[in-house]
Structure formats: C-alpha cells, structure tokens
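Only one structure is covered here, and it is reproduced in the block below.
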Amino acid sequence: MTTSQIQTRHHLMNTAHRPAQIFIRGEGAWLIDADERRYLDWMQGWAVNALGHAPAAVAAALASQAATLLTPSPALHNAPALRLAEKLCALSVFDQVFFANSGAEANEGAIKLARKWGRIHKNGAFQIITFGRAFHGRTLAAMAASGKPGWDALFPPVMPGFARAEFNNLASVTRLIGPQTVAIMLEPVQGEAGVIPASADFMQGLRALCDRHGLLLIVDEVQTGCGRTGPLFAYEQYGIRPDIMVLGKGLGGGVPISALLATDAVSCFEPGDQGGTYCGNPLVCAAGLAVLDTLTAPGFLEHSRARGAQLADGLRRIAHEHGLGEVRGSGMLWALVLDRAQAPLIATAAMDAGLLVNAPNPQCLRFMPPLNSSAAEIAHGLQVLAEVMTTFRRTHTC
C-alpha cells in the first residue's frame, strides 16, 4: 500500500473496522486487492452479490441502460421499473411494489405503510411487535425496530411504537398484543444475530395470530430473499402468505436497490406519502431485472441449493472434527457456532489465508457465498477453512 493510499483512508469516516487491504477488482466468487492477491469471498457484501462480483448479466444491463436513461424523475413512469414491479408481483403473493435504495429505507416504508393501514383500519393502531436480536437497518425507525444489543443507547431518544418479543417464542408475542398493535415484523432468518431460522411452527403461529387479531405480518427479507435461503423468497418455506415483504441486498446483485411489496388489501399509500429522489430509477431497476432473470432461469436455484448442501456438509465435518457447535442455516446462508468467543480472530486468520468470512458475533462465523458458486469453489473454501481451523486450534489452546 502506498503512502498516498494510507493517507487517503483518513478521509473516510470511522464507521467500520476495515482491514488494510484495498480491493480493486472482483471476478465472480473472487475479490482481488491492490497487490493482486485473490480472496475467495464468502461475505459478498453481506449477501449483496447474489451472482458474485461483476456478473456479466448485471454489467450488460447497466451498460445498456446507462446509455439510454438514468433518472427521469420518480414522478414519471419508466419502463424498467414497471417491468421489475410486474415480475416481482408475478413471482410472489404481492400486488404492488415501491422501490427504494436500501433495506433500511424499504423497512421504513413498511413501518409507515403499517401505521397508515392501522390509522385507516384499526382505530389508529400503530405499535409493531419485533424481536430481540433482530436487524432491520440503521435509520432511526429501523434501529428502534431492531433488537441489536446496545443500539437503544446510541442515538436517544429511541423512536416509540415498537414492542420486543422473543424470537421463536409464540407466547411472548401473544402477551404483547393489545389495542394499539398493528403488525408483527420479523426476519425469517435472523442473519446478523448469527443465522437463526424461525421455526415452521413459529411462522405459522404468527400468521394465525395475525389472522385472529386483524394484524399485518411483515417479513423482512432484505438478506433472506432473492434465492439466498433456497427458494426465491424465504417465506415460501413456511407455507404462509405475508401481508408485506421487504427485499434488498441480492435484488440488485451489487447495485443499491430495495423493494417494499404489499397486497392490494394493505396498499394504502397515496401520492405524497412516500418517495425518494432515486427510488425506482431505470438504472437500478434494469440491474434488478437482470438478477431476477438469472435467478429464475431453469435449474439455477436447484444448482444453488446443491452447492448450499455441499457447504453445509463440509461445515458439519469441520465442526465434528474440532468439537464445535451447531451448523445452522439453509441455501447459501450458513453459520458455524464456535465453542469459544474467537470468531473475529478466526475470520482474520481466514483472510490471511485467502478466504473472506464474517463474524456476526464473537462465537459465530457466517458464510454467504455467491448463489452461482461452483462445486470446486465450495470445496476450495472448505479446505482453506479446515486448514485455518486446524492451525488456529493448535496455536490458540486457551
């Protein structure tokens, strides 16, 4: 790294612990730094790059659209947004879409939509039941909805209107339902908490509770949607029909786009209720179409599920060999629970060995490879991880 590059880093606000490497290029599952060292990337921007780095389909869609129309105005129709909204609705149980720029922004939209629906249909009910250790984004409302430890002390006062239940505990939800309750909001898999899936009984119980009490069920699929957990949308695994869904991350394949989807019965926004300068612009919607076309091509998700099963089997072998904890997840979203709080150290050791993995908490490693990973790439990553674990366990015995 040059002196100039080191000095330049000072101009970035200190909002994350970043390693020294500067990354300049990506090729599918691989990320390349300024020294031309290659890393097998099993973070992929925290499940953003569904098709890996610089996928040809997305690059072609962006180039074509950039030469045609970038941003007319969110007050005008554009063809890519119309086509993407139509495709998302055809592939899901929803009827209408609002496009935004990030998962947090789309979650804000879901909160607004639920509160307006409650004002119209439930005597002004506004409270949303969310869950401990949940992660819904970094805006003030999304942080208030989240259950990330310590967040309530960061930017007080905390926005009111949220009640916190225990994940996978239906009784804890039932106790919180009152006259001001309008919705229940959750991630089908709590990714930032360490890849903790909702049980089928829990999800189906939440749907039943919502039906019994006239509440909305909101699924935050920013991380789990777009093929990440196996099916196109994680809610499909549970045999339920949510009222609202939020997508992000993988929808753009590396381009910043998110989506708020709702059924006709819930869609009560009127002109002026929601918007954003770049929301639904043609450039990002063209990328979203390219991603969805790829994900829904014959055999794509089946291939992805097979590679996910290969990854899970390899992680279980590593866990068994080293006496580690649970391997949990599905599709291409997995976590390995450690027996000690050493996940950040192991993630650093893996990076030194050429494998990028994430430590969402001190005792857990998270893996989010591209959905189109090859069998050879999964095998290579598992081999590197196994070698790292062996070396690390030998040198860190305490």
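Somewhere in the range 118-134, is a residue within 29 Å of Leu84 (Cα to Cα), aromatic (Phe, Trp, Tyr) and touching a residue at least 40 places away in the same chain (Cβ under 8 Å)?
The answer is no; no qualifying residue exists.
Out of all the residues in the range 306-335, which are closer than 17 Å to Gly381 by Cβ and of a type in the set (D, E, K, R)?
Step one: filter the range 306-335 for residues closer than 17 Å to Gly381 by Cβ, giving 306-319, 321-322, 324, 327, 329, 331-335.
Those that are closer than 17 Å to Gly381 by Cβ and of a type in the set (D, E, K, R): Arg307, Asp313, Arg316, Arg317, Glu321.
Answer with yes or no whether Asn358 is polar (S, T, N, Q), buried (at least 18 other Cβ atoms within 10 Å of the Cβ) and in contact with a strand residue (DSSP E or B) (Cβ under 7 Å, 6 or more places away or on another chain).
Values: polar (S, T, N, Q): yes; buried (at least 18 other Cβ atoms within 10 Å of the Cβ): yes; in contact with a strand residue (DSSP E or B) (Cβ under 7 Å, 6 or more places away or on another chain): yes.
Against the criterion (polar (S, T, N, Q), buried (at least 18 other Cβ atoms within 10 Å of the Cβ) and in contact with a strand residue (DSSP E or B) (Cβ under 7 Å, 6 or more places away or on another chain)), Asn358 qualifies.
Residues that are among the small types (Gly, Ala, Ser) and within 29 Å of Ala54 (Cα to Cα): which strands (runs of 3 or more DSSP E) entirely in the range 284-398 hold 1 or more of them?
On the way: elements: 327-330, 333-337, 358-361, 364-367.
Output list reads 327-330, 333-337, 358-361.
Hand me the list of helices (runs of 4 or more DSSP H) wholly inside the range 1-96 holding 3 or more residues that are free of Cβ contacts under 8 Å to residues at least 12 places away in the same chain and not small (Gly, Ala, Ser).
Details: elements: 3-8, 44-47, 56-66, 79-91.
Of the helices (runs of 4 or more DSSP H) lying wholly inside the range 1-96, those with at least 3 residues that are free of Cβ contacts under 8 Å to residues at least 12 places away in the same chain and not small (Gly, Ala, Ser) span 3-8.
Using beta carbons and a limit of 6 Å, which pairs, at least six apart or on different chains, have the first residue in the range 276-295 and hydroxyl-bearing (Ser, Thr, Tyr) and the second one surrounded by fewer than 20 Cβ atoms within 10 Å (Cβ to Cβ) and assigned to a helix (DSSP H, G or I)?
Thr294/Ala57
Out of curiosity, is Gly275 surrounded by fewer than 15 Cβ atoms within 10 Å (Cβ to Cβ) and over 23 Å from the mean Cα position of the chain (by Cα)?
Numbers: surrounded by fewer than 15 Cβ atoms within 10 Å (Cβ to Cβ): yes; over 23 Å from the mean Cα position of the chain (by Cα): no.
No, not satisfied.
Taking Ala290 as the residue in question, decide whether it is small (Gly, Ala, Ser) and within 26 Å of Pro188 (Cα to Cα).
Numbers: small (Gly, Ala, Ser): yes; within 26 Å of Pro188 (Cα to Cα): yes.
Here the answer is yes, as Ala290 does meet what is asked.
Restricting the range 135-184 to residues that are in contact with a strand residue (DSSP E or B) (Cβ under 7 Å, 6 or more places away or on another chain) and part of a helix (DSSP H, G or I), which is surrounded by the fewest Cβ atoms within 10 Å (Cβ to Cβ)?
Leu176
Limited to the range 86-122, what total is found for residues that are surrounded by fewer than 16 Cβ atoms within 10 Å (Cβ to Cβ), β-branched (Val, Ile, Thr) and either under 26 Å from Leu289 (Cα atoms) or under 16 Å from the mean Cα position of the chain (by Cα) (or both)?
Selection size over the range 86-122: 1.
Of the residues Ser172, Ser146, only one is without any contact (Cβ under 8 Å) to a residue 24 or more places away in the chain, closer than 29 Å to Ala343 by Cα and not hydrophobic (A, V, I, L, M, F, W, C); which? Before you say what the answer is, go through the steps one by one.
Values: Ser172 fails: closer than 29 Å to Ala343 by Cα.
Step by step, each of Ser172, Ser146 is checked, and only Ser146 is without any contact (Cβ under 8 Å) to a residue 24 or more places away in the chain, closer than 29 Å to Ala343 by Cα and not hydrophobic (A, V, I, L, M, F, W, C).
Enumerate the pairs (first residue in the range 322-334 and surrounded by 20 or more Cβ atoms within 10 Å (Cβ to Cβ); second residue anywhere and acidic (Asp, Glu)) with beta-carbon separation below 8 Å, excluding pairs fewer than 6 apart on the same chain, so at least 6 apart or on different chains.
Leu324/Asp339
Return the residues of the range 22-51 that are surrounded by 17 or more Cβ atoms within 10 Å (Cβ to Cβ) and either acidic (Asp, Glu) or not assigned by TED's automatic domain parsing to the domain that holds Trp334 (or both); say none if nothing qualifies.
Answer for the range 22-51, where residues must be surrounded by 17 or more Cβ atoms within 10 Å (Cβ to Cβ) and either acidic (Asp, Glu) or not assigned by TED's automatic domain parsing to the domain that holds Trp334 (or both): just Asp41.
Among Gly194, Gly214, Gly132, Gly205, which is surrounded by fewer than 24 Cβ atoms within 10 Å (Cβ to Cβ) and touching a Gly at 6+ places or on another chain (Cβ under 6 Å)? First the steps, then the outcome.
Details: Gly194 fails: touching a Gly at 6+ places or on another chain (Cβ under 6 Å); Gly214 fails: touching a Gly at 6+ places or on another chain (Cβ under 6 Å); Gly205 fails: touching a Gly at 6+ places or on another chain (Cβ under 6 Å).
Exactly one of Gly194, Gly214, Gly132, Gly205 is surrounded by fewer than 24 Cβ atoms within 10 Å (Cβ to Cβ) and touching a Gly at 6+ places or on another chain (Cβ under 6 Å), namely Gly132.
The values are calculated or read from the model by the stated rules, or taken from the named source; none is laboratory data. Model, not experiment: these values are computed from the prediction. All Cβ positions, glycine included, derive from the backbone under ideal geometry; neighbour counts span all protein chains shown.
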